[in-house]
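**Q** Structure incoming, see below.
No lab work stands behind these numbers, since they all come straight from the coordinates. Note that the coordinates shown come from a computational prediction; the quantities given were computed from them, not determined experimentally. FYI the Cβ positions are ideal-geometry reconstructions off the backbone, even for glycines, and counts take in every protein chain you see.
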Amino acid sequence: MDACSYATDLTDAEWALLAPLVPRSHPAGRRQTYPLRRIVDAIFYLLRTGAQWRLLPHEYPPRGAVFYHYAEDTDEAVHLVQSEVVQAFRFQAVHGSEVKSST
């Protein structure tokens, strides 16, 4: 972890949970230029603070690289959430009131 960190940066434990979910390969087959953890940290910083993209602190990768991953991952996340919601509705339609809370 870098010496300069923000409150929005992931802890090692949080990154261990999230890392397997972050796409690692570049669609064109290129190697990753910037560490994915720093890119995710930058996305969380922008989302939490509401800062403008051009005001992204210099400790993070360039805003163009961060935005590329944000746009790609947002599309994938939206599709994932939509499919999860559809599956939940289908499950509820089949099983009705048998749905129980996991808490």
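**Q** Pull out the extension gain between S5 and A71, defined as 0.36 nm times the separation in residues minus the alpha carbon to alpha carbon distance; nm, one decimal.
**A** Contour length minus Cα-Cα distance gives 21.4 nm.
**Q** Label region 10-72 by shape, choosing from rounded, prolate and oblate, from the square roots a ≥ b ≥ c of the eigenvalues of the Cα gyration tensor; if a/c is under 1.5 it is rounded, and otherwise prolate applies when a/b is larger than b/c, oblate when it is not.
**A** Values: a/c = 1.94, a/b = 1.17, b/c = 1.66.
Taking the square roots of the gyration eigenvalues as a ≥ b ≥ c, region 10-72 is oblate.
**Q** Mind giving me the nanometre distance, one decimal, between the label points for R63 and T49, set 7 Å out from Cα along Cα→Cβ?
**A** About 1.2 nm, to one decimal.
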